[in-house]
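The values are calculated or read from the model by the stated rules, or taken from the named source; none is laboratory data. Worth saying up front: this structure is predicted, and the values here are computed from it rather than measured. Here the Cβ positions follow ideal geometry from the backbone for every residue, glycine too, while neighbour counts run over all protein chains shown.
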Amino acid sequence: MSEERKTLEQRAQMTDLERLRHSASHVLATAILKIWPEAQFAAGPPVENGFYYDIDLPHRISPDDFEKIEAEMKKEVKANHPFEKIEVSRDEALELGKQGRLAALGERQEPSKFKLDIIENIPSDEKISLYRNGEFIDLCAGPHVNHTGDIGAFKLTNVASAYYKGDEANPQLQRVYGTAFKTRKELDDYFAMLEEAKKRDHRKLGRELELFVFDDDVGPGLPMFLPRGAVIAEELEKLAKETEFAAGYQRVRTPHIARESLYLKSGHLPYYAESMFPPMELRREDDEFENKRKRFDELQLIVDSKRESPDEYSEFKQLQHELLESDKYYLKAMNCPHHHKLFASIPRSYRDLPLRMAEYGTCYRYEKSGELFGLMRVRSLQMNDAHLYMTPQQFETEFNAVNEMYLNYFKLFGIDKYLMRFSTHDPAKLGQKFVDEPELWKKTEEMTRNVLKNSGINYVEVPNEAAFYGPKIDVQAWSVIGREFSIATNQVDFAQPRNFDLRYKDRDNIDKIPICIHRAPLGTHERFIGFLVEHYAGNFPLWLSPEQVRILTIGDDSKLLDYARSVLNELRAYQVRAEIDDGTDKINGKIQRAEQMKVHTMFVIGKRDMEANAVSVRVHGKGNLGAKPRAEAIAEILQSIRERHA
Ligand SMILES: [Zn+2]
Ligand SMILES: [Zn+2]
């Protein structure tokens, strides 16, 4: 935690809202002193979403005190006192501190001990200033709003303990938190948003709706999907497969591990090593191994010059096998190197391009434990990955098609707040941060920019943030509760095809290097499902619902149960995820249970429904829709699933 004093430069950069919130912390101190005149104050800065003040006070402040404190704060705001800045000499400041006059309403018996300590730490060349509102005077470098009345709306939110300057050797203080806004409406909106965000938190809903779990024996950051969560992953995968098939992609499958040499070739090692799990060591570093390696190199030369005897050849193959076996293996952190190898495995001609290779590949990344967060930051990830290989002439069309795919997905999921960030290189950093290909950078960036402009996509250009191997586009989306997610990426790559010596024979019979696009419109299952859980608040559309239909019987008459089960079987024959609740308890209890699990559609079946060959339809969040002929109700379900209705 940084408890450093703000520099003058940082203070000058305070936003209007930070200024307002910091001013509110002075008002908080004023109010506390009106109630507990002996209170001593340490630091009171603005923080993300609000402000705090650290207080030393024998009385233990609890949330029960907030109303009383807020009432005093209101008086101070209503009085509309100006915030006056008073410049003083160091000696004057020290004298006031000794008189207990700093962070106080008047002189006191006890000196303002923390303020005296703070004065000692102000650089000697820095001017010392006080701020006054009403009777309250504080040691402060500002800045502030003009009057206490400029603080439109505020609320105390929390009290916690904190050590002075964040150091455990120092006294423990009480930290009272609050937040403030220009208007009452902004304050209300903020709390409504927090309430909604809490309800929608994917970690909470993930547990309640039985979607996914973490387990200490499996390991941190390694989510496991329960049946209800696995269903969502599979539906997304189905969507991707259908979409990609229609767009001319081909599917491949690759292992989860590879030898070290693959990642040396791709350049991920050593640069990316920190983000990869440590290797599995199968290599023996001893003399015997070294001798074998030397012998292998000798034989390699002989074999290359085609002078080997049959015995030498078999010794060569034997050693090759042993050396390959004894090596370091890494869990893959990305799918590209495997895909590049698949591209290189067959001679390619311009007629094979564009070649679009897709895989929902599982990757492993060693995220720091402090950075793990629910499904949003994990260590195992299943990625909606694909690599597109093309000629430079095909680039614009291909890149555009990828962007179109993004937009179609966003429409399907009702994501209407998104921004594409187009990251470009910095010519000054060629050869260091960016691969040294000035012409290719210029060309691909120009092409990418054109695609974005021509398609009228909402984007911003961010210089100096491209990937090492080419310009990229990241998509940031905002969920309905305003949470920001980076869910997808679309990258141009002209370095890796070179590293892997990828080639295709062009019309002129000359070998050329393809351009590669890495793209993952649905991101990873983990992050995208986390996003969708919060986006829909767990109320998934029918096609994505873990349980699409639940049949609820009224009573347990055996003929009625037979009818209900025949409806269940019909739904399942159509691949609808249907369950039945045919217990003897009351229908209201059954409905409540289904609503709790956010089951999309309920077919309530009583005697009258049976006699009419009908079902009574109830939809989660919409309530009772009345009785419908069985065939019609089922047909509507099937259509909604097939067309992936919102
Ligand atoms: Zn201040
Ligand atoms: Zn890739």
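A compact table of results
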read-out: Residue ID - farthest from Gly97 (Cα to Cα), chosen from residues in the stretch 13-42 that are of a type in the set (D, E, K, R) and either touching a strand residue (DSSP E or B) at 6+ places or on another chain (Cβ under 7 Å) or part of a helix (DSSP H, G or I) (or both); value: Asp16
read-out: Elements of type helices (runs of 4 or more DSSP H) in the stretch 242-354, at least 1 residues being within 28 Å of the chain's Cα centre (by Cα) and not aliphatic (A, V, I, L, M); value: 260-266, 336-344
read-out: Hey, Gly229 crowded, with 17+ Cβ neighbours inside 10 Å and under 26 Å from Glu359 (Cα atoms) or not; value: yes
read-out: First in the stretch 348-364 and surrounded by 20 or more Cβ atoms within 10 Å (Cβ to Cβ), second anywhere and of a type in the set (Asp, Glu) and part of a strand (DSSP E or B), Cβ under 8 Å, 6 or more apart; value: Ala358/Asp385; Glu359/Asp385; Tyr360/Asp385; Gly361/Asp385
read-out: Residue tally, condition β-branched (Val, Ile, Thr), surrounded by fewer than 20 Cβ atoms within 10 Å (Cβ to Cβ) and in contact with a helix residue (DSSP H, G or I) (Cβ under 6 Å, 6 or more places away or on another chain), over the stretch 481-531; value: 2
read-out: Failed criterion for Glu260 (all others in (1) touching a residue at least 24 places away in the same chain (Cβ under 8 Å); (2) exposed (fewer than 13 other Cβ atoms within 10 Å of the Cβ); (3) among the charged types (D, E, K, R); (4) under 30 Å from Lys328 (Cβ atoms) hold); value: (2)
read-out: Given (1) in contact with a Lys or Arg (Cβ under 8 Å, 6 or more places away or on another chain); (2) touching a residue at least 60 places away in the same chain (Cβ under 8 Å); (3) assigned by TED's automatic domain parsing to the domain that holds Gln491, index of the condition Pro546 fails; value: (3)
read-out: All positions within the stretch 46-72 that are more than 38 Å from the chain's Cα centre (by Cα) and part of a helix (DSSP H, G or I); value: Lys68, Ala71, Glu72
read-out: Index of the failed condition, Gln40 passing every other in (1) under 28 Å from the mean Cα position of the chain (by Cα); (2) in contact (Cβ under 8 Å) with a residue 40 or more places away in the chain; value: (1)
read-out: Matching strands (runs of 3 or more DSSP E) fully within the stretch 73-176 where at least 2 residues are more than 16 Å from ligand 1 (Cβ to nearest atom); value: 153-163
read-out: Single residue of Asp201, Asp189, Asp215 found to be modelled with pLDDT of 90 or more, touching a Phe, Trp or Tyr at 6+ places or on another chain (Cβ under 9 Å) and either within 16 Å of ligand 1 (Cβ to nearest atom) or outside the structural domain of Ser369 (by TED's automatic domain parsing) (or both); value: Asp189
read-out: Which listed residue is of a type in the set (D, E, K, R), assigned to a helix (DSSP H, G or I) and buried (at least 22 other Cβ atoms within 10 Å of the Cβ), from Glu570, Glu534, Glu595; value: Glu534
read-out: Cβ pairs under 7 Å, 6+ apart, first in the stretch 11-22 and closer than 13 Å to Asn49 by Cα and touching a residue at least 40 places away in the same chain (Cβ under 8 Å), second aromatic (Phe, Trp, Tyr) and not in a helix (DSSP H, G or I); value: Arg21/Phe51; His22/Phe51
read-out: 1 or more residues touching a residue at least 60 places away in the same chain (Cβ under 8 Å): qualifying strands (runs of 3 or more DSSP E) within the stretch 400-484; value: 418-423, 472-478
read-out: Pairs with Cβ under 7 Å, 6+ apart, first in the stretch 293-311 and within 20 Å of Leu323 (Cα to Cα) and without any contact (Cβ under 8 Å) to a residue 40 or more places away in the chain, second of a type in the set (S, T, N, Q) and surrounded by 10 or more Cβ atoms within 10 Å (Cβ to Cβ); value: Phe296/Gln320
